[in-house]
1. Taking amide H positions as placed 1.01 Å from N in the peptide plane, with prolines and chain starts having none, which residues 5 or more places from B:SER54, or on another chain, fall under 5 Å of its amide H?
2. In terms of the Cα gyration tensor, with a ≥ b ≥ c the square roots of its eigenvalues, is segment B:10-182 rounded because a/c is under 1.5, prolate because a/b exceeds b/c, or oblate?
3. Would you mind telling me which residue in B:ALA176, B:ALA235, B:ALA120 has the biggest mean-square fluctuation in a Gaussian network model of chain B, where springs connect alpha carbons within a distance under 10 angstrom?
4. Please report the base-10 log of the normalised intensity I(q)/I(0) for chain A, using a Debye sum with one equal scatterer per alpha carbon and no solvent, at each q in 0.08, 0.11 (1/Å).
5. For B:LEU267 and B:GLU118, calculate 0.36 nm times their separation in residues minus their Cα-Cα distance, and state this gained length in nm to one decimal.
6. Using a 10 Å cut-off on Cβ to Cβ distances, tally the other chain neighbours for every residue of B:100-112 and report the average as a whole number.
7. Of A:LEU7, A:PRO169, A:THR69, which is farthest towards the positive pole of segment A:3-205's charge dipole, taken about the Cα centre with +1 and -1 on the beta-carbons of Lys, Arg and Asp, Glu respectively?
8. Mind telling me which of B:VAL99, B:VAL11, B:VAL127 comes out most flexible in a GNM of chain B, alpha-carbon contacts under 10 Å?
Amino acid sequence: MDTALALGWLHATAAAVEQHEPELTALDSAIGDGDHGSNLRRGFTAVLAAVDALPPDTPVGAVLGKAGTTLISTVGGACGPLYGSALRTTGAALPTPKADITDLAAALRAGLSTIQRLGGAVPGDKTMVDAFEPAVAALERAAFDGFSLREAAALAAEAAERGARDTVPLEARKGRASYLGPRSIGHQDPGATSTALLFRALARTAGA
Amino acid sequence: MKKLINSPESVLDDALAGIAAAHPELTVDRAARVILRAGGPRPGKVAVISGGGSGHEPLHAGFVGPGMLDAACPGEVFTSPVPDQLLAAIRATDGGAGVVFVVKNYTGDVLNFQLAAELAAEDGIEVRTVLVNDDVAVKDSTWTAGRRGTGATVVVEKAAGAVAEGGGTAAEVAAAGQLANAASRSFAVALSPATVPAAGRPGFDLPQDEVELGVGIHGEPGRRRAPMRAARELAAEVVDAILAEHTLTAGDETIVLVNGLGATPLLELYIVFGEVSALLAERGIRIARSLVGNYVTSLDMAGFSLTLTKADARLLELWDAPASTPALRRP
């Protein structure tokens, strides 16, 4: 991953968030408070403005770091600090000027650790971790197997989407959905869904 | 959706303009989205800062002023404020004696206040946090997000603010807030859901003849659905739910808050208060102080919440201490 790919990923994510905002709103209305889509859209609009204003020679890690800081400053709620801090950690862990798949997988694993440290969620709690963890694991396996970034990102996107779908039968144990207890069963988690958008955007940007 | 707004996107900015125009005794930093007690930092006084999603007015901006909050940070509707707002509030109010955050227990609020406290610590400012978690509709467990912060926030902000105004240390201010929180339990009933402007439709569907018991203040559904009944029966259910999770017993004194959720007439809130008063009297619990009205709302949700605070002499003294804010005044 280089600076151009990171910028492309953020643009693709912003476009995906905008396109899927009604779906995120519907999912979040069912088990949260219905603002996940609008909050993320507001955040990624600000992210694009911030990263597009960076000098062209900005290192890839600094681009993701800037995106993270911007999300923290503009989104609010739980997903602002969680996605924002994850991107900051990911950015800080990426070597310059270019990162290979192994580097990217390790940096995203560090980002996932930040999400889990702040939010306290483990896989199975019906949160973004349920999509993020399998996506990172898929990237790690693909890196080990020597796959290209295009192939690896495609596998990660599939794993994230499967992880998001697999939140449907789960009972939420973290976040606002946890207040519903058993009534949260039968709904797909909005955070896991937006995480799947993030990894699908990476796959599209990498040419899959 | 019929709402008195200009656009869903400008709700918070337009409301801040109105607060600034209506309350010249407050300083409203519209760019930083912070509402401040006028006059800047008070040397030697602990700054009490709260915040949370918009849509719960008068919480929190309505409690800024002498005797309560030094600053309030409103987020977008039902969305916690961001760390930048909280840092701006700290910089505008820190008088060198420390800062105490009052945080309602929601994942988003906790995270944003925590990030702000970490950033403030890098600037050498120590921030203590009082977590409000009074809502007994949610099971308190290490496996969940824990009980939510609701009506008790008013009592916590009053108690912490009173100690800060009296020259207490940061530790004493936080301890007063924690005392008020530990003594308080709440439960809410919704008769109709709230509509978030950006969503444009109600957060959940509730049939005409049903109520949502244990509802949250963000339109999140509650513990269960039940048939609509007389105020007397709903009040009994709510009192029972609270007392099952409260140390209040016969002979105790209590501060009672019957709080409207936004779209319920005061007339009905007084009917509920009358029923609650009779139910507590039957149990030998004496009402020492009372508050009836809209204090922690949920946009246009209809219904009420009940907060019972077990009151000792210390809490009553703090409750009665002078305060001068838009929504709560004590001579």
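1. B:GLY75, B:GLU76, B:VAL77, B:PHE78, B:THR79
2. Details: a/c = 1.44, a/b = 1.13, b/c = 1.28.
Here segment B:10-182 falls in the rounded category.
3. B:ALA120
4. -0.23, -0.44
5. Values: separation 149, 0.36 × 149 = 53.64 nm, distance 4.54 nm.
Extra length available between B:LEU267 and B:GLU118 comes to 49.1 nm.
6. On the way: counts 0, 0, 0, 0, 0, 0, 6, 14, 13, 3, 5, 12, 7.
For peptide B:100-112, the averaged partner shielding equals 5.
7. A:THR69
8. Among B:VAL99, B:VAL11, B:VAL127, the largest GNM mean-square fluctuation belongs to B:VAL11.
Every number here is computed from the coordinates shown, using simple stated rules; none is lab data. Quick caveat: nothing in here was measured; it's all calculated off a predicted structure. Here the Cβ is made from the backbone with ideal geometry for all residues, glycine too, and neighbour counts use every protein chain on show.
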